[in-house]
1. Residue 132: open to solvent by 40 Å² or more (accessible area, probe 1.4 Å), among the hydroxyl-bearing types (Ser, Thr, Tyr), in the same structural domain as residue 259 (by TED's automatic domain parsing) and within 16 Å of the ligand (Cβ to nearest atom), yes or no?
2. Is it fair to say residue 395 is in contact (Cβ under 8 Å) with a residue 60 or more places away in the chain and open to solvent by less than 50 Å² (accessible area, probe 1.4 Å)?
3. Which of the residues spanning region 334-391 are open to solvent by 30 Å² or more (accessible area, probe 1.4 Å), within 14 Å of residue 293 (Cα to Cα) and in contact with a helix residue (DSSP H, G or I) (Cβ under 9 Å, 6 or more places away or on another chain)?
4. Can you list the helices (runs of 4 or more DSSP H) found entirely within region 192-299 that contain at least 1 residues being open to solvent by less than 10 Å² (accessible area, probe 1.4 Å), more than 16 Å from the ligand (Cβ to nearest atom) and touching a strand residue (DSSP E or B) at 6+ places or on another chain (Cβ under 7 Å)?
5. What single numbered condition from (1) within 16 Å of the ligand (Cβ to nearest atom); (2) farther than 23 Å from residue 72 by Cβ fails to hold for residue 327?
6. Test each condition in (1) outside the structural domain of residue 270 (by TED's automatic domain parsing); (2) touching a Phe, Trp or Tyr at 6+ places or on another chain (Cβ under 7 Å); (3) among the hydrophobic types (A, V, I, L, M, F, W, C) for residue 73 and report the one that comes out false.
7. Could we say that residue 314 is over 22 Å from residue 43 (Cβ atoms) and crowded, with 20+ Cβ neighbours inside 10 Å here?
8. Quickly run through region 91-115 and pick out the residues that are open to solvent by 20 Å² or more (accessible area, probe 1.4 Å), part of a helix (DSSP H, G or I) and within 15 Å of the ligand (Cβ to nearest atom).
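The values are calculated or read from the model by the stated rules, or taken from the named source; none is laboratory data. Keep in mind it's a predicted model, so treat the numbers as computed, not measured. Ideal geometry is used to build each Cβ from the backbone, glycine not excepted, and the neighbour counts take in all protein chains shown. SASA here: full protein model, heavy atoms, side chains in, ligands and nucleic acids out. Shrake-Rupley method; radii C 1.70, N 1.55, O 1.52, S 1.80 Å.
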Amino acid sequence: MYADPERYGLRLTRGVLHVEAVPLPEIAAAVGTPTYVYSSAHIEARHDELARACASQPTQLCYAVKANSSQAVLRTLARRGAGADIVSGGELVRAIAAGIPADKIVFSGVGKLDAEIDAAISAGLRAINVESAEELERVATRARALGRRVAVALRVNPDIDPDTHPYLATGLRESKFGVAMAEAEALALRAAAIPELSLVGLACHIGSQIAEATPFLAAFERLRGLVLRLRGQGVALRQIDLGGGLGIAYTSEEPTLDVASFGAAVTAAARSLGLELVLEPGRFFVGNAGVLLTRVIGRKRGEARSFVIVDAAMNDLIRPALYGAFHPIVPVSAAAAGRGALRADVVGPVCECGDFLGLDRLLPWPEPGELLAVLGAGAYGMAMASTYNSRPLAAEVLVKDGAFAVTRPRRTIEALIADERVPDWLA
Ligand code: LLP
């Protein structure tokens, strides 16, 4: 049950799960549940491990803010030297607010608004990763209007199948992302010819949850020819951005990425072209740094299945419902493990059949009021949460050594209602 708690930033001390040196029951008592709890040490260790693996070539790690955009998490990474990969004007404001310098920020995304492009140009980002011919002209137009020169990279769709969940494969010919290979050279030449644009590189992002270097290298090979052809025509680039998507193991059965050999392979590739490397990892930094702490409301033995009903739900963590994703769920107190185990679905209170955190789990039959931890919830957990069923967002806590801080207080339902307006004729 507790195989390898360190994998999830956890420790089992005196029979109780801790994040770093803080017992989870202490956090639940102080902050309530459901609460996301993150380990600073885990985030820092993942960042530093990848930075070390890439140390032999100038590399900028641009954290994909979408994975977990909490200010506390962003600041933790900013302090280690991380930049940011952003996909909206909102993420730009968040990244800058957290102290990430603009020249370490790249801006991806298929649907950038003029206002977002303007903000990016004014901030002076490291690169706007342009995703279509139309967008290239729009960026140029906005740069001209603002009287600025802007660094752009061309996000190419390398048509690589990374063997992952269909929703997470972004570098296939069929996907909406990036510029088609066939179109890329002409577009890069066009970019190089526009005085307001400085074409600094090529970028790609082939998908998520990729546990080996091979698909990244395959994507790189597609881009290499393009880099050389452009060089032959006098267009020199500065960087090659291989995107994010570095996988993590949600369970001990899943393969783990060999970070050292991944780093060695991608830096060697970048070095062979004399280019700086950019990577955009999201999940890799934060995925296993967070748990969702939840309390058992009650149990129910149905005719066909048994249920453990908890106070976290699909609005807090949608990955199981949306992708069929597996997150381990364990009792916070090991004493529970002594009880007989039972197969049950772990479900939330939301009125949807898709509201489950885990199906058919072998769990010690928990008592109402007991705490459970949903593991591997640091990435795309809180970031994808909603207030469906008028459930206020979960609280968030960051742990450092023996201390913890509430980084997002739980909102009240009154605050949610206060955000709304009733028209005069209904007042
Ligand atoms: N760069 C770009 C351009 C991206 O679109 C993404 C993720 C990343 C980097 C970071 O990918 P990561 O390193 O985190 O795999 N909600 C899904 C994941 C969606 C990923 C979208 N793009 C999930 O919960 O699995």
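1. Against the criterion (open to solvent by 40 Å² or more (accessible area, probe 1.4 Å), among the hydroxyl-bearing types (Ser, Thr, Tyr), in the same structural domain as residue 259 (by TED's automatic domain parsing) and within 16 Å of the ligand (Cβ to nearest atom)), residue 132 qualifies.
2. On the way: in contact (Cβ under 8 Å) with a residue 60 or more places away in the chain: yes; open to solvent by less than 50 Å² (accessible area, probe 1.4 Å): yes.
Spelling it out, residue 395 is indeed in contact (Cβ under 8 Å) with a residue 60 or more places away in the chain and open to solvent by less than 50 Å² (accessible area, probe 1.4 Å).
3. 370 - this is the single residue of region 334-391 that is open to solvent by 30 Å² or more (accessible area, probe 1.4 Å), within 14 Å of residue 293 (Cα to Cα) and in contact with a helix residue (DSSP H, G or I) (Cβ under 9 Å, 6 or more places away or on another chain).
4. Details: elements: 214-232, 259-272, 283-286.
Hits in region 192-299: 214-232, 259-272.
5. (2)
6. Here residue 73 meets the rest and fails (1).
7. Details: over 22 Å from residue 43 (Cβ atoms): yes; crowded, with 20+ Cβ neighbours inside 10 Å: yes.
Yes; evaluated as a whole, the condition is true for this residue.
8. 91, 104 - these are the residues of region 91-115 that are open to solvent by 20 Å² or more (accessible area, probe 1.4 Å), part of a helix (DSSP H, G or I) and within 15 Å of the ligand (Cβ to nearest atom).
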